[in-house]
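Here the structure is laid out as structure tokens; the discussion comes afterwards.
Just so you know, all these numbers are worked out from the coordinates, no wet-lab data involved. This one's a predicted model, so the numbers in the text were calculated from it and none came from an experiment. Glycine also receives a Cβ, built like all others from the backbone with ideal geometry; neighbour counts cover every protein chain displayed.
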């Protein structure tokens, strides 16, 4: 079932390893088949060097397994909450990448300091609220997902394709699973640049809104002109 999607999800998980965004068995990537309401996600606790497309796990939007096999990631309920809330997204990546996780552990958003950030994220990357004890005690992962949705607020999830789970780490998403992974790679780099920028200017810096709008809109806006037209060979 969903063999092609399993192959893409497996490759996406291994891409996180290639870019040094996950270690041990940390992190996970998923994709959703919207037509069937089914999620393909990394299995729980399986080392990346033993992972194959056949290892991927299929669940429905209520996290119920569809096939016999390995257990899904413990973060599956987080992914499911995001898919339920954001119909436009098709893939999610979660890492414990060093610099972005530093911001998550500090419970600080990643500010938009320059055009590299603005090319991908329309403003600061927010940090989700710290969970209450009751939320941790019961349905912990579902509450994490709901906190991420809350942090996006009134913004489009495709304008804000990343949120930091407080004290935890980053989650990114996109229209496709490949785009979710790309956003995870970029997020780590802009977090690294932000930390180093604050070393140079500890009192903080900012970027003009008009420059932010220009860079985000030229790549993602209605009249975007970054890149090549689809019909260019």
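A compact table of results
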item	result
FRET efficiency, residue 140 to residue 218 (Cβ-Cβ, R0 45 Å, nearest 0.05)	0.65
Point-to-point label distance, residue 34-residue 205, nm (Cα→Cβ direction, 7 Å offset)	3.9
Taking 219, 42 and counting other C-beta atoms within 10 Å, the order from fewest to most	219, 42
Between 0 and 90°, nearest 10: helix 140-152 axis offset from the chain longest Cα axis	30
Estimated distance in nm for a label pair at residue 158 and residue 195, the labels positioned 7 Å out from Cα along Cα-to-Cβ	3.2
Selected from 192, 84, 50 as most flexible by GNM, with the chain as the system and alpha-carbon contacts under 10 Å	50
Exposure proxy order (Cβ contacts within 10 Å, fewest to most) of 1, 51, 193	1, 193, 51
Tilt relative to the chain, helix 177-200 - C-alpha long axis, 0 to 90 degrees, to 10	40
Helix-derived mean residue ellipticity, 222 nm - over the chain, DSSP H n ≥ 4, -39500 (n - 2.57), to 500	-12500 deg cm²/dmol
Max mean-square fluctuation residue, GNM over the chain, Cα-Cα springs under 10 Å, options 174, 123, 206	206
At R0 = 30 Å, FRET efficiency that the Cβ-Cβ distance of residue 116 and residue 7 yields, to 0.05	0.45
Order of 79, 215 - criterion: other Cβ atoms within 10 Å of each residue's Cβ, fewest first	215, 79
Scattering curve values for the chain, log₁₀ I(q)/I(0), Debye with Cα scatterers, q = 0.15, 0.17 Å⁻¹	-1.00, -1.25
Label-point separation, residue 23 to residue 67 (7 Å along Cα→Cβ), nm	3.2
Helix axis angle, 3-18 relative to the chain longest principal axis, alpha carbon, degrees	50
Convex hull volume per residue for the stretch 15-111, taking Cα atoms only, in Å³	117
